[in-house]
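Shown next, in structure tokens, is the structure this report addresses.
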Amino acid sequence: MRDQLYIMLKEPRPGRVKTRLGQDIGMVGAAWWFRHQVRRLLREVQDPRWDVTLAVAPDRAISARVWPAQLRRVPQGAGDLGDRMGRVLRSAPPGPTCVIGGDVPGVRKHHIARAFKALGASDAVFGPAEDGGYWLIGLKRVRPVPAQLFNGVRWSSAHALEDTIATLDGQSYALIDRLRDVDDARDLAGVTP
């Protein structure tokens, strides 16, 4: 069983990706930023210790040439973020699995390694975000993914992390590094893709 890292990505098209950021800097600028951020992220997190898979949206973007051809891709499917992440976690190969987004400029290999290490002692792991959400969720996956995982989570709010922890059905969890994700122009301060 190899560790699995899934990266949740939207096709970088203006008006379809990073729309809150686009309200501040323009939709073309937001798509440009995301495309370059994802390119940097993919170079940064590929590592022989884990397999990297891109979970892409919309589903037809599975054949988009914007991402490296050598990386495996799976469709995210329909629904809100919880539906899509739950689908990814339930369909991954057996063993430890982490899911991240493409909008976290500070993530490095050592953060991913720390998350997988935490899954040695805990059922779940989170990388908290500065805004109350999280940039990483990981599950050990030695038992079924809780059926209610992500139910009732208030996405894009300061409650997303605490809401998700409440859906773990009593499973143990660990917290790793707090990083910043980019949702709007304020989050871009000091960040380069």
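The values are calculated or read from the model by the stated rules, or taken from the named source; none is laboratory data. From a predicted model like this one, the values you see are computed outputs, not experimental measurements. Every residue, glycine as well, gets a Cβ built from its backbone with ideal geometry; the counts of neighbours run over all protein chains shown. To get the accessible areas, we keep the full protein, side chains included, count just its heavy atoms, and leave off ligands, DNA and RNA. Shrake-Rupley method; radii C 1.70, N 1.55, O 1.52, S 1.80 Å.
Please give the number of the condition Leu136 fails out of (1) open to solvent by less than 20 Å² (accessible area, probe 1.4 Å); (2) closer than 17 Å to Asp177 by Cβ; (3) at pLDDT below 95. Against the list (1) open to solvent by less than 20 Å² (accessible area, probe 1.4 Å); (2) closer than 17 Å to Asp177 by Cβ; (3) at pLDDT below 95, Leu136 comes up short only on (3). Among residues of segment 157-185 being in contact (Cβ under 8 Å) with a residue 40 or more places away in the chain and closer than 12 Å to Glu130 by Cα, the one that is nearest to the chain's Cα centre (by Cα) is Asp181.
Among the residues of segment 5-16, those identified as assigned to a strand (DSSP E or B) and open to solvent by 10 Å² or more (accessible area, probe 1.4 Å) are Met8, Lys10. Report, by residue number, each residue of segment 17-45 that is surrounded by 16 or more Cβ atoms within 10 Å (Cβ to Cβ) and touching a residue at least 24 places away in the same chain (Cβ under 8 Å). Correct list: Lys18, Leu21, Trp33, Phe34, Arg35, Gln37, Val38, Arg39, Leu41, Leu42, Val45. One residue stands out among those in segment 95-111 that are more than 13 Å from Leu139 (Cα to Cα) and open to solvent by less than 10 Å² (accessible area, probe 1.4 Å): the one that is nearest to the chain's Cα centre (by Cα), which is Gly102. Annotation note: Cβ proximity below 7 Å between a residue of segment 79-101 that is closer than 17 Å to Ser122 by Cβ and a residue that is open to solvent by 10 Å² or more (accessible area, probe 1.4 Å) and assigned to a helix (DSSP H, G or I) (sequence gap 6+ or interchain) occurs for Pro96/Phe116; Cys98/Phe116; Val99/Met85.
So that you can scan it fast, the table gives a plain yes or no per residue for (1) among the hydrophobic types (A, V, I, L, M, F, W, C); (2) within 16 Å of Asp187 (Cα to Cα):
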residue	(1), (2)
Met1	yes, no
Leu5	yes, no
Trp33	yes, yes
Arg40	no, no
Trp50	yes, no
Leu71	yes, no
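Rundown of residues vs (1) of a type in the set (Asp, Glu); (2) farther than 24 Å from Gln46 by Cα; (3) buried (at least 20 other Cβ atoms within 10 Å of the Cβ), yes/no style:
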{"site": "Phe116", "(1), (2), (3)": "no, no, yes"}
{"site": "Val125", "(1), (2), (3)": "no, no, yes"}
{"site": "Pro128", "(1), (2), (3)": "no, no, no"}
{"site": "Gly132", "(1), (2), (3)": "no, yes, no"}
{"site": "Arg141", "(1), (2), (3)": "no, no, yes"}
{"site": "Ala160", "(1), (2), (3)": "no, yes, yes"}
{"site": "Leu168", "(1), (2), (3)": "no, yes, no"}
{"site": "Gln171", "(1), (2), (3)": "no, yes, no"}
{"site": "Asp181", "(1), (2), (3)": "yes, no, yes"}
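Annotation: of all residues in segment 144-158 being over 25 Å from Val107 (Cα atoms) and of a type in the set (S, T, N, Q), the one that is surrounded by the most Cβ atoms within 10 Å (Cβ to Cβ) is Asn151. Of all the numbered requirements in (1) part of a helix (DSSP H, G or I); (2) of a type outside the set (Val, Ile, Thr); (3) under 24 Å from His159 (Cβ atoms); (4) touching a Pro at 6+ places or on another chain (Cβ under 9 Å), Phe116 misses one, and that requirement is (3).
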